[in-house]
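What follows is a short report on a single structure.
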Amino acid sequence: MEIFANPDTWISLLTLTFMEVVLGIDNIVFISIIVARLPKEQQAKGRTIGLMLALVFRVILLLFISYIVQAKEPLFTLELPFTADVLDVSIRDLILFAGGLFLLAKSTTEIHNKLEGEEETQGSAKPTATLGKILIQIILIDIVFSFDSILTAVGLVDNVLIMIIAVVISMVIMLLFAKYVSDFVNKHPTIKMLALSFLLLIGVMLVAEAFHVEIPKGYIYFAMFFSLLVEMLNMKLRKKVEPVHLRQSDLKDDDAYTIID
């Protein structure tokens, strides 16, 4: 095709593919965390179906790209309390707001379960959900992430074919690495808690965008990368230092605090 003879097409394709992979990381993290609630033999199936659904949603949205662009048009206006400002509310805003609230609620619930709600042994979490329930949650969040991803693609490329190719390539890359990301997140409790914190941050960002408060995504992803880098250094350090384990039952009442040199 003539379009692929143009070097700008390949630059656009590579740029958009990279952006789709970056934007898809939070999707992988979310899928990895909730799929861990499935029986071990169903987890790979859940991850694959989840990412395939994300691919289907993105392609379908691209085929209706003209309607997606119109989704940014105001449906109604709201008068904000305590100010004289008026907020134009569009379909995009409603989807981002609902998706942000869903992420906030889900991430908070998962953090609560990890800290207080459930007891886990190393590498053997009890399955607490069915494949159907997990897929419903994946579908809900896929719609939000796909919507945001397509709007980003529209801002970078104006050719639907290039968008579809970039989305397919990015999804293939994510399918190849999804298992490694999932295993790594679920193997290390601190990484899992950090990932849940990332999802909380993304939920706040989606809610803010619904109210037309634009938070540069570069700041968000830099904060994520920096936090992950610090935790990786901590993990490397913990391998060199033998941890000291204290059992509460072994301490006497007078030994409320123990200082170890």
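Which length gain, in nm to one decimal place, applies between ARG238 and SER197 when the Cα-Cα distance is subtracted from 0.36 nm times their residue separation?
12.6 nm
Stretched out fully, how many nm does the piece from TYR180 to LYS114 gain, at 0.36 nm a residue minus the Cα gap?
21.6 nm
Sticking with the crude label model, points 7 Å out along Cα→Cβ, report the distance from ALA44 to ILE139 in nm, one decimal please.
2.5 nm
Once R0 is set to 35 Å, what does the formula 1/(1 + (r/R0)^6) return for the Cβ-Cβ distance between VAL160 and PHE211, expressed as a FRET efficiency to the nearest 0.05?
0.70
Quick note: the coordinates plus some simple rules give every number you see, no bench work behind them. Remember, predicted model here, so these are calculated numbers, not experimental data. Reconstructed Cβ throughout: ideal geometry from the backbone, glycine too, with neighbour counts over all protein chains shown.
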